[in-house]
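Scroll down for the structure; my scribbles are underneath it.
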Amino acid sequence: MKKALLAVLLICCWLSARSATAQQKDPNGHAWWQHAVFYEIYPRSFADSNGDGVGDLNGITSKLDYLHKLGVDAIWITPCFPSPQVDFGYDVSDYQAIDPMYGTLADFDRLVAEAKKRNIKLILDFVVNHTSDQHQWFLDSKSSRTAAHRDWYIWRDGKGPGQPPNNWYSTFGTAAWKFDPATNQYYYHYFYPEQPDLNWRNPAVENAMFDTTRFWYQRGVVGFRLDAVDTLFEDVHLTDNPLLPGTDKFGRPKMSEKFNKKQPEMHTVLKGLRKVADEYHAVLVGETWTSDVKELKDYYGDRNDELQMPMDLMLTGLPLSAPVLRDHIAATDSSGYWPTYVITNHDIVRSYTRLGDGSHNDDIAKLMAGFYLTLRGTAIMYYGEELGMKNSDPVRQEDVQDPIGRLGWPLEKGRDGERTPMQWTAGPNAGFSTAAKTWLPVPESAKTHNVETESRDPNSVLSFYKKLLHLRKNDADLREGNYMALNTGDPNVMSYLRQYQDSAVIVVLNMSATKQTLAFDLAKQGFSGAPAATLAQNGAEVPTGAFQSVTLAPYGTYIAKLTK
Ligand code: NOJ
């Protein structure tokens, strides 16, 4: 009898798990994350609930209504685990707890529960390549050559007295090997010396790290952004990297990272992480630095069994140019994979500053929203992007917080500029904190570009973002439609259709500083003679009657519905 009951119970669990999987796809076979907008939160800088000048989890919870109204589906929180904060959380000393600076596990559980009430999902940042040098694993590893965790990291003898095992660099400006006099060996660190690389060839490391993901999945996290996956493995023979002509921003000879980046074994680990993610119907986003779309394809896995969302970070390096962006999107969209678009993040100069021309910056911010929020694919926003927050770099070396900025000054000013406090109001500390001093200064631009002021202005960058996020969620053409480039020879204006069934959304983006008029012939697509209904626009004029042309002010945007 007991056995029969158990069997019934098991079948029920299996059926409900299956239906949960089925529920995760829409009628077109798309999973929730494919139509989602993710929003990256740098927790130090989002909202400070306890007045210590640093943001925290309760601060994030207090802003969930804002995020919900904005139209965000999921948040990605950069590392909030215990950490000495050498790399502001990317040096984790305990993967299964919350740094007291950010709150407690109870605060985290409350954040997940409150987000769920608002239909917002949460992903965490998993630092897979390295730990902090203060992690128990490393402290033990360092303690002796025979320690239980010795082989959890990459320890090697030097080539000779005072000579590291090979010529590799840390990307953060120093050598990649640190000598430990106690055990007379070097350990490898691709990032700061305080971030020793894990040895993923050791199955114990793999088990411990996979279990870490289970720990968070069971607490309600629906996925991870995987940090620095390209550096997971190093060549077994530690072959010297070839040198290249010229010097880098730290003044070192340039080097090709042939033997310490993008080693093929990385894909085995990504497959393993995906297997665990699949047990929980979770999604994996990757920090994937690629130089072309062909390379990006590798991260999805040969059987779609690695990352669902390798980030297209190439977009963060492209200029605002219709031919360049048109070619890039054509290649990505036709690759057969689901794209994940990003225009800025906590390591990259904000798009407002990067792409702004100094006189049309708000128009360009709206244009960029009109661009990447209307493409076929998932979008990842960065906090403050919806306000037109700009980069505010430190002006004096002594004010720099990010260690690479102190080391590489003035060529490398570090990443403080893109991590300044979120601008909530025009008041003290932009409403971010009640502290006398915030961890990074609040930029002057907070006086004009902040949530409170922009919410009252229907023409603000924020109002434009809200409109687009709402459209993206509710318009079937934008959710499901094909991407079709239009007027592909135009040097100034990028335009495309997102067509699904009997209607389409047309997007026209003037990527130049001069007024442009563009004529369209949509007979082939079946839209000749149809008028267009404007959905969102900035600086656009359209003659009445059948849709035939658009005139756009410099950096103007036009988005409209066409119906057959
Ligand atoms: C990439 C992260 O985005 C960056 O902020 C960090 O410094 C490095 N990985 C090292 O974890």
Ignoring ligands, DNA and RNA, what percent of the accessible area of region 408-564 is carbon or sulfur (1.4 Å)?
51
Accessible area expressed per residue, the chain, with surrounding protein chains retained (probe 1.4 Å, Å²)
41
Given charges at beta-carbon only (K, R positive; D, E negative), |dipole| of the chain in Debye
1140
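With the contact rule set at Cα under 8 Å and sequence spacing of 6 or more, what percent relative contact order holds for region 163-209? Please list the in-between numbers first.
Details: 57 pairs, mean separation 11.8, N = 47.
Rounded, it is 25 percent for region 163-209.
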How would region 414-464 be classified by its alpha-carbon gyration tensor: rounded, prolate or oblate, with rounded meaning a/c under 1.5 and the a/b versus b/c comparison settling the rest?
oblate
How much length is gained on full extension from residue 31 to residue 474, taking 0.36 nm per residue of separation minus their Cα-Cα distance?
157.9 nm
Extent along principal axes [Cα atoms of region 177-217; Å; largest to smallest]
39, 20, 16
Work through the residues other than residue 26 whose Cβ is under 12 Å from its Cβ and net out their charges, Lys, Arg +1 and Asp, Glu -1.
+1
For region 247-312, which GluC sites (Glu not before Pro) are both in a DSSP coil and crowded by at most 14 other Cβ atoms within 10 Å?
265
Under the definition of Cα pairs under 8 Å and six or more residues apart, what whole-number percent is the relative contact order of the chain?
12
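How big is the equivalent ellipsoid of the chain along its three axes, where each semi-axis is √(5λ) from the Cα gyration tensor, reported in whole Å from largest to smallest?
On the way: eigenvalues 322, 166, 125 Å².
Semi-axes, largest first: 40, 29, 25 Å.
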Over all distinct Cα pairs, what is the inverse of the mean 1/r for region 407-564, reported as the Kirkwood hydrodynamic radius in Å?
18.3
Given R₀ = 22 Å, what would the calculated FRET efficiency be for residue 69 paired with residue 437, taking r from the Cβ atoms and rounding to 0.05?
0.10
Applying the gyration tensor rule to the Cα atoms of region 390-490 (axes a ≥ b ≥ c; rounded if a/c under 1.5, else prolate if a/b exceeds b/c, else oblate), the class is oblate
I'd like the carbon and sulfur percentage of the solvent accessible area for region 69-111, probe radius 1.4 Å, heavy atoms only, ligands and nucleic acids excluded.
57
Can you give me the C-alpha center-to-center distance between region 449-464 and region 244-320, rounded to a whole angstrom?
36
For region 236-295, give the percent of accessible area contributed by carbon and sulfur heavy atoms, probe 1.4 Å, rounded to a whole number.
58
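Taking loop as defined by DSSP and a crowding limit of 11 other beta carbons within 10 Å, which trypsin sites (Lys or Arg not before Pro) in region 433-509 fit?
When the trypsin sites (Lys or Arg not before Pro) of region 433-509 are filtered for loop state and at most 11 Cβ neighbours within 10 Å, 437, 456 remain.
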Roughly how far apart, in whole Å, are the Cα centres of region 370-445 and region 336-359?
14
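The values are calculated or read from the model by the stated rules, or taken from the named source; none is laboratory data. All values reported here derive from a predicted model rather than from experimental measurement. Reconstructed Cβ throughout: ideal geometry from the backbone, glycine too, with neighbour counts over all protein chains shown. To get the accessible areas, we keep the full protein, side chains included, count just its heavy atoms, and leave off ligands, DNA and RNA. Shrake-Rupley method; radii C 1.70, N 1.55, O 1.52, S 1.80 Å.
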